[in-house]
Amino acid sequence: MRISSPSAQVGTVIVAVILMPMIGVLLAVVNPWWGAAWMLCAMAALVLFAARTFRGAGESSAPRPWWQMTAAPLPSALLSAVFVGQAAFSLFSAWTPPLVMSGNIGAVILLVIGAAYANSAIRLSRTRTARREMRSSTPR
């Protein structure tokens with residue numbers, strides 16, 4: 001299954017962003033660790049789902065390379081900055097128990113996701129640069 005329509009992509013993310021915290025709050029009422037664990041697992045699952053199923057305009061439905069998170073370098077770079085910013089916020093805002101450990105675990109997970117998007121941005125820009133060089137060196 002590939003989702004290439006921008007409206008379907010936005011709708012999927014909006015529904016997930018609304019449902020994830022609702023379930024997380026319900027679980028946190030029972031036990032704060034359960035709520036935190038749910039949010040971390042659900043967020044990682046959403047990122048993985050989006051990276052594997054969302055497709056950019058004109059992108060083929062063939063499987064992407066394992067490192068490719070988005071269709072272009074710019075969205076990868078922007079999402080990397082967002083996730084690294086969230087990691088910094090999580091790391092510096094979770095100072096009170098019982099959220100210190102879950103905040104630190106969340107920061108590490110967010111940093112890993114941010115690094116994956118940064119890797120995607122770097123490799124996509126290198127791939128595009130190599131393609132341009134090959135096209136310009138090919139005789140016409």
Original post:
Which of the following residues is aliphatic (A, V, I, L, M) and over 16 Å from the mean Cα position of the chain (by Cα): Ala62, Ala107, Ala116, Ala77?
Top reply: Ala62
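Taking the stated definitions as given, is Ser61 surrounded by 18 or more Cβ atoms within 10 Å (Cβ to Cβ), touching a Ser or Thr at 6+ places or on another chain (Cβ under 9 Å), on the phi < 0 side of the Ramachandran plot and not hydrophobic (A, V, I, L, M, F, W, C)?
no
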**OP:** Any residue in region 65-87 that's within 15 Å of Thr53 (Cα to Cα): show its pairings with residues that are exposed (fewer than 14 other Cβ atoms within 10 Å of the Cβ) at Cβ separation under 8 Å, as long as the two are six or more apart or on different chains.
**Re:** Thr70/Gly56; Ala71/Gly56; Ala71/Ala57; Ala72/Gly56
Subject >> Filtered residues of region 80-133 (kept if at pLDDT 90 or above and of a type in the set (S, T, N, Q)) >> reply: Ser80, Gln86, Asn119, Ser120, Ser125
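Could we say that Ala16 is open to solvent by 40 Å² or more (accessible area, probe 1.4 Å), under 21 Å from Phe83 (Cβ atoms), small (Gly, Ala, Ser) and at pLDDT below 95 here?
Answer is no for this residue.
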Original post:
In this structure, is Ala28 closer than 19 Å to Ser90 by Cα and either in contact (Cβ under 8 Å) with a residue 24 or more places away in the chain or outside any helix (DSSP H, G or I) (or both)?
Top reply: no
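Out of Ala88, Ala57, Ala62, Ala71, I need the residue that is farther than 22 Å from Ala28 by Cβ and in a helix (DSSP H, G or I). Which one? Spell out the reasoning first.
Numbers: Ala57 fails: in a helix (DSSP H, G or I); Ala62 fails: in a helix (DSSP H, G or I); Ala71 fails: in a helix (DSSP H, G or I).
Step by step, each of Ala88, Ala57, Ala62, Ala71 is checked, and only Ala88 is farther than 22 Å from Ala28 by Cβ and in a helix (DSSP H, G or I).
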Original post:
Hey, any hits in region 6-19 for a residue that's farther than 20 Å from Tyr117 by Cα, of a type in the set (S, T, N, Q) and assigned to a loop (DSSP other than H, G, I, E, B)?
Top reply: no
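The values are calculated or read from the model by the stated rules, or taken from the named source; none is laboratory data. Every value quoted in this text rests on a predicted model; they were computed, and no experiment measured them. When we count neighbours, we look across all protein chains shown, and the Cβ atoms used for this are built from the backbone with ideal geometry, even at glycine. Side chains included, ligands, DNA and RNA excluded: accessible areas come from the protein's heavy atoms. Shrake-Rupley method; radii C 1.70, N 1.55, O 1.52, S 1.80 Å.
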